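The next block holds one structure in the form of structure tokens; read it before the comments.
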Amino acid sequence: MKNPEPTNRSCGAGMPEKMQSRYDHTTAEPETYKQWEESGAFNPDKLPDAKGREPYTIIMPPPNANGHLHAGHAMFVTIEDIMTRYARMNGKSALWLPGADHAGFETQVVYEKKLEREGRTRFEMSREELYKEIMAFTLENKSHMEGELRSLGASCDWSREKFTLDPAVIETVYDTFKKLYADGLVYRGKRIVSWCPKHQTSFSDLEIADVERVDPFYYLQYGPFVIGTSRPETKFGDKYVVMHPDDPRYANYADGQKIELEWINGPITATVVKDEAIDMEFGTGAMTITPWHDAVDFGIAERHELDREQIIDERGRLLPIAGEFAGMKIAEAREKIIAKLKGKGLLVKVDEKYNHVVRTCYKCGTVIEPQIKDQWFVKTKPLAERALQAIEKKEVSFIPERYETICRQWLENIIDWNISRQIAWGIRIPAWFCVRCGEARVEPEIKAKWFIVRHGETDSNKSKRLVGQGDVPLNDEGRAQARAAGKKLKSEKIDLIVSSDLGRCRETAAIIAEEIGAEVAYDPAFRERNHGNLEGQLREDLEAKHGNLYRYDERVTDDETHKEVEDRVWVAFQKHRSAHGGKNVILVSHGGVIRMLVKQIRNLTPEDALTRPSVKNAEVLSVDVGPTCPTCEGDLYEQDTDTFDTWFSSGQWPFITLGYPDGKDFKKRYPTDVMETAGEIIFFWVTRMIMLGLYVTGEVPFRNVYLHGLVLDAKGQKMSKSKGNVISPLEITTKYGTDALRMALVVGNTPGTSLALAEDRVRGYRNFTTKIWNAARFVYMNRQGGSMSGTPSADDEKNLDELRTVKAEITGHIERSEFHLAAEKAYHYFWHTFADKLIEAAKPRLQGDKTEEKAAAQATLEKLLLESMKMLHPFMPFVTEAVWQKFRPGTMLMIEPW
RNA sequence: GGGCAAUUAGCUCAGUUGGUUAGAGCGUCUCGUUUACACCGAGAAGGUCGCGGGUUCGAAUCCUGCAUUGCCCACCA
């Protein structure tokens, strides 16, 4: 139980203020932080003598704004804050620039889990809705995260804080992408990518976790060959059998030779291919290939220009090529396929305990299903070569040094970087595709936007009656739909609405116009198809009588053909387009009309146009008008829906945050002094910052890289939510104080190695905090109305000398980034020299009756104490500041000269 | 299959360029209710520095081999 202390105010006026007998970090820490922040001294431009100071800059690795800080964050805050505080006290213009990362994929995964708990899914939401919700979620978490950084004592300059989705950040990221594109270093390629069927996105190689598994391995009879596979479900399309050119067992077969053979779903023609990628030692030395779903096979197919067929869809189900197995999930299909093969006598043998490595999604553990997809890639070789040169020339140095080799080896073996992610949360890729031919263009000039909206629901729609040019009104649902569409379009700058003049479109257009405040022009050319005497009849009755109603240029009876609609509508559309030039226009029309409009816009075949699902009531399609496409002469585009891999933007963080290219900070502070971050993200982040920094600015982004290890639990195990051994830094600081946690994280922790965080250790440093407070209280108690002075004795001089020696050693340690040694030395000096020995030795002198002696002893103690506070301040900023201000009211230890 | 790191007191870890009796925190034991502090003080026990070789006047520290553990990388169907 806490013993109630009289408050300071209750002391009589004129009496020296007493120090409370116990230091209460829970109240002192937030107050002190507030005072620091309000003083403005986190901002180097507001430090005393700001102009004469030499720049010192650390860019904070932006924590993910999707949750709370973990122990690893506490580690980086501690180390970077030590660096910053020391630099500031040491007379530098110390800037520690904070930030927050939108963490694209990670955050979307977190948010999807939240949706799942609420019984929702992103696949039912529009991209915009999802983005908006995640943004709200992220901004809320971002502010929590910032509060947590404050409570850890981070002396960073909040006035310069950046978020990875700030407009200025996005602009620079776009500029970099454009530059890469112009230099031929970014390309769009049909390439095999690592696809997660659950998350519906592709990954870079770094996001794949290899897992060892035991699975059955099947030997199958493939014509005259026996092939081995652990994945029979991919074998449907296998029509190439590959072997090593030097394999004597297959010397009789020639490259290109055709062989007829019986396969899973009937006879096929197989082609022999000879390729050196084959390992003669493995299995039978012959294998069939599935280029669409395997990276090695893809490589072979590339070299020999072989056909590729997709067997498995994006959700992990078999496609029609699998015949009777189509639609099945892989696990289900595998057994059945094997059963069938066995039935046909094609199963030679099974090795039940085959040990192999399976590539899985690092987030959900789902087996990665390689797919061939169009993605954006960065050609990393030239960038990596430049980075290697810089490392070679020691323009960047690493602590610990071994990371230099690790980094170099990775850069030497780098492969192209897939930077597109199929998620909504992130920076959308500034590329547009020609809707006619699919050609990609980076940031074309968009002259206008067209939105095509189908009218809202009518009772006829609902009852499935054929209504063409008949004039029917919207029903209540239809009006609500129109209203919703209007609201959605509000943010677009619409100049004009063009509408069919039939009632249901008029009404829809009017409601939208009301929402967005634009004029409406009517044009009968956009009326629905004229159904002639079929008008008003039930669709199913007509289908029963006439068969398929979706015919292209053939009448059912006396109705208008789709082709005629197409011609009429396309002429009208083109006429309006030229009339309304650069305007943003909404076109309100009918299902049949939109179908034919889409056919023209996308250059679809009649069959494709007529079989695709119709647009829903009040559904909004959009298309951008851009420059004439050099390939097909179309000028309509739609923007890529993919977003950048989050590391593509954070890889540019140092120069972005400093305001490249013209910012004052950029000119003064780039390259920065230190990049301090977790060793585990060296490939994800550090190497990419070096590559992109050099590429964009011509200089390395930082001179030094300091990498810390993992923070483990007390038993030395990796913390993870699933293990339930996660230590929350906030719980620890609430219990023992931030100063104690910081000491526990820094003492005994060498750079690059992991640290087990045991609560006992934190408690030990909490005790140290108390020790500091009490020693200070003793010294304070003995001053009589203020600091005293007296001629120091020989012993005093010796003690002051010793302190100077210790301080010089600590300074050396800090300068060499040996924070663990510096902290321990300061700790040891304070407790076991200053408190245990020097205070005890001074007691008789203080209690004696010689005033001069007393004053000298007191003055020395005070000097030793305050110097100790300075030495300890970078490590334990809170308690040292509190003590300092008791002795030197009106000043701030944080900005005292070291 | 490669690469890297670690192996020091019961536990978690320091030990900077090789130099006198190898350190810290926590834990254990003994003593101490001395007016800064029991979230304390004084003291103690506890280590053949993973194992084997080598270099050296001298090795926890450098070299080499081995063992164990952990991490990273890698397209064997």
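Bear in mind these aren't lab numbers, they're just calculated from the coordinates by the rules spelled out. These numbers were taken from a predicted model, which means no experiment stands behind them. Note that we place each Cβ from the backbone using ideal geometry, even for glycine, and neighbour counts take in every protein chain shown.
Tabulated results
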quantity: Top positive-direction residue, dipole computed over chain A with Cβ charges, set A:Q257, A:T880, A:G228; calculated: A:T880
quantity: The range A:95-242 - percent relative contact order, Cα under 8 Å, separation 6 or more; calculated: 21 percent
quantity: Degrees between helix A:295-304 axis and first principal axis of chain A (Cα, 0 to 90, nearest 10); calculated: 50 degrees
quantity: Förster radius 35 Å - calculated FRET efficiency between A:S754 and A:T891, Cβ distance, rounded to 0.05; calculated: 0.35
quantity: Cα-based helix-to-principal-axis angle, A:819-828 vs chain A, degrees rounded to 10; calculated: 30 degrees
quantity: Centre separation in Å (Cα based) which lies between the range A:198-244 and the range A:600-674; calculated: 35 Å
quantity: Helix A:330-343 axis, angle to chain A major axis (alpha carbon atoms, nearest 10°); calculated: 50 degrees
quantity: Unit charges at the beta carbon, dipole of the range A:498-649: most positive-side option, A:I516, A:G581, A:G503; calculated: A:G503
quantity: Rg to Rh, two decimals, where the range A:179-308 supplies the alpha carbon set and Rh follows Kirkwood; calculated: 1.02
quantity: In sequence order, calculated HN-Hα J values of the range A:263-273 (Karplus, 6.51, -1.76, 1.60; Hz; x Gly/Pro); calculated: 10, 3, 10, x, x, 9, 9, 9, 10, 7, 10
quantity: Local electrostatic count, A:Y695, Cβ distance below 13 Å [Lys/Arg +1, Asp/Glu -1]; calculated: +2
quantity: Under 28 Å from A:K854, Cα to Cα: lysines that are on another chain or at least 8 residues apart; calculated: A:K18, A:K771, A:K798, A:K807, A:K837, A:K843, A:K863, A:K870, A:K886
quantity: Least to most buried among A:C505, A:C407, A:C364 (fewest other Cβ within 10 Å first); calculated: A:C364, A:C407, A:C505
quantity: Percentage relative contact order, chain A, counting C-alpha pairs under 8 Å, at least six apart; calculated: 14 percent
quantity: Kirkwood Rh and Cα Rg combined as Rg over Rh, evaluated for chain A; calculated: 1.08
quantity: Computed helical MRE - 222 nm, chain A, DSSP H runs ≥ 4 contributing -39500 (n - 2.57), nearest 500; calculated: -12500 deg cm²/dmol
quantity: Exposure proxy order (Cβ contacts within 10 Å, fewest to most) of A:I134, A:I494; calculated: A:I494, A:I134
quantity: Inverse of mean 1/r across different Cα pairs in the range A:203-248, Kirkwood, Å; calculated: 13.6 Å
quantity: Pairwise centroid distance, computed over Cα atoms, of the range A:256-289 with the range A:786-861, Å; calculated: 82 Å
quantity: Only Lys, Arg (+1) and Asp, Glu (-1) charged, at Cβ; chain A dipole about Cα centre in debye; calculated: 1680 debye
quantity: Charge dipole of chain A about the Cα centre (unit charges at C-beta), most positive-ward option of A:Y827, A:A65, A:Q422; calculated: A:Y827
quantity: Charge dipole (debye, nearest 20) of the range A:437-492; +1 at Cβ of Lys and Arg, -1 at Cβ of Asp and Glu; calculated: 120 debye
quantity: Cβ crowding within 10 Å averaged over residues, with A:586-599, A:320-333 ranked highest first; calculated: A:586-599, A:320-333
quantity: Coil-residue GluC sites (Glu not before Pro) of the range A:48-148, DSSP, other Cβ within 10 Å capped at 16; calculated: A:E118
quantity: Amide proton proximity set for A:L755, modelled H, under 5 Å, gap of 5+; calculated: A:L710, A:V711, A:L712
quantity: Share, in percent, of DSSP beta bridges within chain A that are antiparallel, nearest 5; calculated: 60 percent
